[in-house]
Amino acid sequence: MSYVIKRWEPESAEFWQQEGQSIARRNLWISIPCLTLAFVISVLWSVVTLNLPNAGFNYTKDQLFLLTALPALSGATLRIFYSFMPSIVGGRKWTTLSTASLLIPALWLGFAVQDPTTSYPVMLAIALLCGLGSGNFASSMANIAYFFPKAQKGAANGLNAGFGNLGVSLAQFVIPLVVTGGMFGTFGGDAQHYVKDGVEKSLWLQNAGFVWVPFIVLATAAAWFGMNDLADAKASFTEQAVIFRRKHNWLMCWLYIGTFGSFIGFAGAFALLTKTQFPDVPVAKFAFIGPLLGALVRPIGGVISDKLGGARVTMWVFAVMALAVVGVLHFLPAHDAAGQLSGGSFAGFFAMFLLLFTMAGVGNGSTYRMIPTIFTTGRLRAAAGRGEDARKQAEADGVKESAAAGGFISAIGAYGGYFIPQSFGASMKATGGAEPALLCFIVFYISCIALCWWFYARKNAEVSC
């Protein structure tokens, strides 16, 4: 099998049926587990922080929220660079390298949590390295975007991102189970012991990192031996950097902060937020449900947007999200002057967060359906009236631009994963409650509705998509 494909014409029906479709699907189905594991690593701390006190680490709420937020901060920054790498290095090579890099934080975390004298700065360094997983999203989406024809990009991106996002809920479901027993014998290290309600219990917190190591090794091998590099997708950084001059690149960044930023930010903050607002609720048992819903509906968001239009779907997503935050505010417990909690409804609180996760997932799919349409349309308008060769070149350039833009937009959107946990931490430190942060989210979602309607959804919008 040739790992470098020199001719790639997905818009040609004949080429697509004869060979393109099977190659594209193979690359997609290998990309998905690689991306799933990347998301697993990116959210390890959202679960690990719940058990750090039991393992002998005494950190404040602010310190715990920072550990959950830092992977999103470093990951979002890495995405800016990762988004350009498939076109520079090659999709197969970069997927292999970026997947293998996940071994570093997985192994280091496993060793660090076994020693309660491990310093907080070391823990911060591991949290920053977990951002390698978040960074992979940008390169994965940019790579898969090249393989599929325009009519199928929404569904393909939705499948890659949606099943990739499942890594969030997978981590939050699996880790609470694997840390309760020794899995690797003497190779896995000793248990940590603690006393709860007068009963001594044991914890193998290192399994939160170690359990993913064999799967990362297998995924790395699959990427190296099963994926392809596309010669037509080669582009220098200078060629791709044209997106920084595109107004719509920055507008879509704002919208994607609202969709994916909300998804990954709430995924990182929900468990700790619940623990502070409803301390008697065993949140570790079901924290995975919201991210699971958000990941499962992402492909649906892409498919619906292929039929109804991404902008229309995105606008209504933000409207529902704003109302869901109002619902969260309604169901929060009250805080008295001494900081004591009273009232509130966890059932209502949880239901509103499930709605937030679901709508963020739909919005993740719909915004990614908008991106290729916006950038290809811009190129085609510039080439109008210049002949068939100019039109074909415009389509090719539009694909390259949309791939680079999709990666960069995902980078900026991922900063929501840092700001949302930090917003809750700052809000609680300043007022004792989460209300100020939630009110800011409502204002932000309203701004997203207005932006989406004006530029993309209204009649005679600048780019109808």
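The Rg/Rh ratio of the chain, with both radii computed over alpha carbons and Rh defined as the Kirkwood radius, is 0.99.
On average, how much accessible surface per residue is there in the stretch 227-377, in Å², for a 1.4 Å probe, leaving out ligands, DNA and RNA?
Numbers: 5510 Å² over 151 residues.
Using a 1.4 Å probe on heavy atoms only, each residue of the stretch 227-377 averages 37 Å².
Charge dipole of the chain (Cα centre as origin; +1 on each Lys and Arg Cβ, -1 on each Asp and Glu Cβ, all else neutral): 1020 debye, rounded to the nearest 20. With semi-axes defined as the square roots of five times the eigenvalues of the C-alpha gyration tensor, the equivalent ellipsoid of the stretch 173-220 measures 25, 11, 6 Å, largest first.
Kirkwood radius for the stretch 1-159, taken over all pairs of different Cα atoms as the inverse mean of 1/r, rounds to 17.2 Å.
If I compute solvent accessible area with a 1.4 Å probe over the protein chains, what percent of it on the chain is carbon and sulfur?
Accessible surface attributable to carbon and sulfur in the chain totals 66 percent.
Over 18 Å between Cα atoms: which of Lys150/Lys392; Lys61/Lys285; Lys61/Lys275; Lys153/Lys400 fall into that group? Those over the limit are Lys61/Lys285. Other residues whose C-beta falls under 15 angstrom from the C-beta of Trp45 contribute a net charge of +1, scoring Lys and Arg +1 and Asp and Glu -1.
In the chain, helical runs assigned H by DSSP with n ≥ 4 each contribute -39500 (n - 2.57); averaged across all residues and rounded to the nearest 500, the mean residue ellipticity at 222 nm is -22500 deg cm²/dmol.
Write down the Å³ per residue value for the convex hull defined by the alpha carbon atoms of the stretch 30-71.
Details: hull volume 2.4 nm³, N = 42.
With only Cα atoms used, the stretch 30-71 gives 58 Å³ per residue.
Semi-axis lengths, largest first, of the ellipsoid equivalent to the stretch 276-358 are 31, 15, 7 Å, with √(5λ) applied to each eigenvalue of the Cα gyration tensor. Treating r as the C-beta distance of Thr118 and Phe215 and R0 as 30 Å, the FRET efficiency rounds to 0.75.
Given R₀ = 22 Å, FRET efficiency for Glu395-Val463 by Cβ-Cβ distance, to 0.05? Once rounded, the FRET efficiency stands at 0.85. The average projected area of the stretch 156-290, computed from the convex hull of its Cα atoms over all directions, is 12.9 nm².
The values are calculated or read from the model by the stated rules, or taken from the named source; none is laboratory data. Worth saying up front: this structure is predicted, and the values here are computed from it rather than measured. Cβ: placed from backbone, ideal geometry, glycine included. Neighbour counts: every protein chain shown. In case anyone asks, the SASA skips ligands and DNA or RNA and just uses the protein heavy atoms, side chains included. Shrake-Rupley method; radii C 1.70, N 1.55, O 1.52, S 1.80 Å.
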